[in-house]
Amino acid sequence: MAFCSNCGTEGQGRFCAKCGSPIGADPAASAPPPHQAPPPPPNYSQQQQSNFAPPSGGMQATGLTENMVSALCYLLGLLTGILFLVLAPYNQSRLIRFHAFQSIFLHLGMIATMIAIMAVTSILHLIPFVGVMISFVLYPLAGLAFFVIWLAAMYKAYNNERWVLPIIGPIAEAQAGS
């Protein structure tokens, strides 16, 4: 008659009725091996094999890449610029800080330009039709110019290009510490 090497009870067959371990085997040898992830198939490139590794913290843990965050800095202007300057994993990257500051300064410049156009056209409204005609021309032109600059800045940031805008770009670089 065989005895279980794990609990010592007498058993018949290959496994103990009380604890379920194999009869007559070493208890350490009867334990199932720890779960291990299977290795990636051998035909994967080195780039694809690195995708199996767990994220190592920082921005990779959030799922957003540096170029995506740089482009998102421009999305809602002041709001996303300030947001990415405050959030912890993003505010440590000089590139993201640069794009966040440039986005903030770009939208502050847009607001200041629109206020200046409004002040000029309100003064020129005293002359019949001149103020109205100038406001019909200046507002759409300024709006279109800022829209094109906004789209181009977002596109360049997404493509990892550091596009320094005139006047506000050097200020943003100084603020970002780059």
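At-a-glance table
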{"quantity": "Flag if Pro140 is over 30 Å from Thr62 (Cα atoms) and without any contact (Cβ under 8 Å) to a residue 12 or more places away in the chain", "calculated": "yes"}
{"quantity": "Selected residue (only one of Leu87, Leu151 is at pLDDT 95 or above and out of contact with any Pro (no Cβ under 7 Å at 6 or more places or on another chain))", "calculated": "Leu151"}
{"quantity": "Matching entry among Ser5, Ser70 (being buried (at least 16 other Cβ atoms within 10 Å of the Cβ), polar (S, T, N, Q), at pLDDT 60 or above and under 30 Å from Ser103 (Cβ atoms))", "calculated": "Ser70"}
{"quantity": "Any hit, segment 129-147, residues being hydrophobic (A, V, I, L, M, F, W, C), within 17 Å of Gly169 (Cβ to Cβ) and either modelled with pLDDT of 95 or more or touching a strand residue (DSSP E or B) at 6+ places or on another chain (Cβ under 6 Å) (or both)", "calculated": "yes"}
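The values are calculated or read from the model by the stated rules, or taken from the named source; none is laboratory data. Model, not experiment: these values are computed from the prediction. Cβ atoms come from the backbone with ideal geometry, glycine included; neighbour counts cover every protein chain shown.
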